[in-house]
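Enquirer: Have a look at the structure that comes next, please.
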Amino acid sequence: MELDQQLVVGIQLFFAAFLSMVVGLDRERAEKDAGMRTHMLVGTGACLFTSLSELAFPEADTARIASNIVVGIGFLGAGVIHRTDKGVQDLTTAASIWITAAIGMAVGTGAWLLATMATLLVWTILRILLAFRNRI
């Protein structure tokens, strides 16, 4: 990989970490175990895997990397979900980890605007719709 490509990916990593932090802050406020740092690591890792699959291995099937990211994140999400006397807990946190990986992948492909729009939508769903649901 050329040095200029690595610099672009480095900037993408910081951007993916920032957008993932926005999602993770909501989970942090809700006092979930998978909070800001977990979301930042997931988004940044997904970004790096996606960028590497496109730039470092241009002849490889990049869809294989993407599909494996989704599968791996599924295992992380499954580890967050647990059953209590009150029912199943932390499904929303598991879903937020899943979408954070997608946001990181979007940044990794260079789709910064799409990743930003997805982050705003996720934040709206987690924060604003929660307030709306609580009022119903």
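Enquirer: Do you know which residues across the range 81-91 are out of contact with any helix residue (DSSP H, G or I) (no Cβ under 7 Å at 6 or more places or on another chain) and within 28 Å of Ala66 (Cα to Cα)?
Expert: Those that are out of contact with any helix residue (DSSP H, G or I) (no Cβ under 7 Å at 6 or more places or on another chain) and within 28 Å of Ala66 (Cα to Cα): His82, Gln89, Leu91.
Enquirer: If you go through the range 104-136, how many residues are part of a helix (DSSP H, G or I) and either in contact (Cβ under 8 Å) with a residue 24 or more places away in the chain or crowded, with 17+ Cβ neighbours inside 10 Å (or both)?
Expert: Of the residues in that region, 14 qualify.
Enquirer: Just checking, does the range 51-66 include any residue being hydrophobic (A, V, I, L, M, F, W, C), within 14 Å of the chain's Cα centre (by Cα), modelled with pLDDT under 90 and open to solvent by less than 80 Å² (accessible area, probe 1.4 Å)?
Expert: Yes, the range 51-66 contains at least one residue that is hydrophobic (A, V, I, L, M, F, W, C), within 14 Å of the chain's Cα centre (by Cα), modelled with pLDDT under 90 and open to solvent by less than 80 Å² (accessible area, probe 1.4 Å).
Enquirer: Of the residues in the range 99-116, how many are polar (S, T, N, Q) and under 13 Å from the mean Cα position of the chain (by Cα)?
Expert: The qualifying residues number 2.
Enquirer: Turning to a different aspect of this structure: One residue is enough: does the range 20-31 have a residue meeting the conditions among the acidic types (Asp, Glu), assigned to a helix (DSSP H, G or I) and open to solvent by 40 Å² or more (accessible area, probe 1.4 Å)?
Expert: For the range 20-31, residues among the acidic types (Asp, Glu), assigned to a helix (DSSP H, G or I) and open to solvent by 40 Å² or more (accessible area, probe 1.4 Å): present.
Enquirer: Now a separate question. Scan the range 77-91 residue by residue and report those that are surrounded by fewer than 17 Cβ atoms within 10 Å (Cβ to Cβ) and of a type outside the set (Lys, Arg).
Expert: Correct list: Ala78, Gly79, Ile81, His82, Thr84, Asp85, Gly87, Val88, Gln89, Leu91.
Enquirer: From the residues in the range 1-19 that are more than 17 Å from Leu120 (Cα to Cα) and of a type in the set (A, V, I, L, M), which one is surrounded by the most Cβ atoms within 10 Å (Cβ to Cβ)?
Expert: Val9
Enquirer: Return the pairs, sorted by first residue and then second, in which the second residue is open to solvent by less than 10 Å² (accessible area, probe 1.4 Å) and not in a helix (DSSP H, G or I), the first residue lies in the range 19-30 and is over 14 Å from Ile128 (Cα atoms) and in contact (Cβ under 8 Å) with a residue 12 or more places away in the chain, the beta carbons are less than 7 Å apart, and the residues are 6+ apart or on different chains.
Expert: Close Cβ pairs (under 7 Å, with a partner that is open to solvent by less than 10 Å² (accessible area, probe 1.4 Å) and not in a helix (DSSP H, G or I)) amount to Gly24/Gly35.
The values are calculated or read from the model by the stated rules, or taken from the named source; none is laboratory data. These figures come from a predicted structure and were not determined experimentally. Don't worry about glycine lacking a Cβ; one is built from the backbone with ideal geometry, like all the others, and counts go over all protein chains shown. With ligands, DNA and RNA removed, areas are computed over all heavy atoms of the protein, side chains included. Shrake-Rupley method; radii C 1.70, N 1.55, O 1.52, S 1.80 Å.
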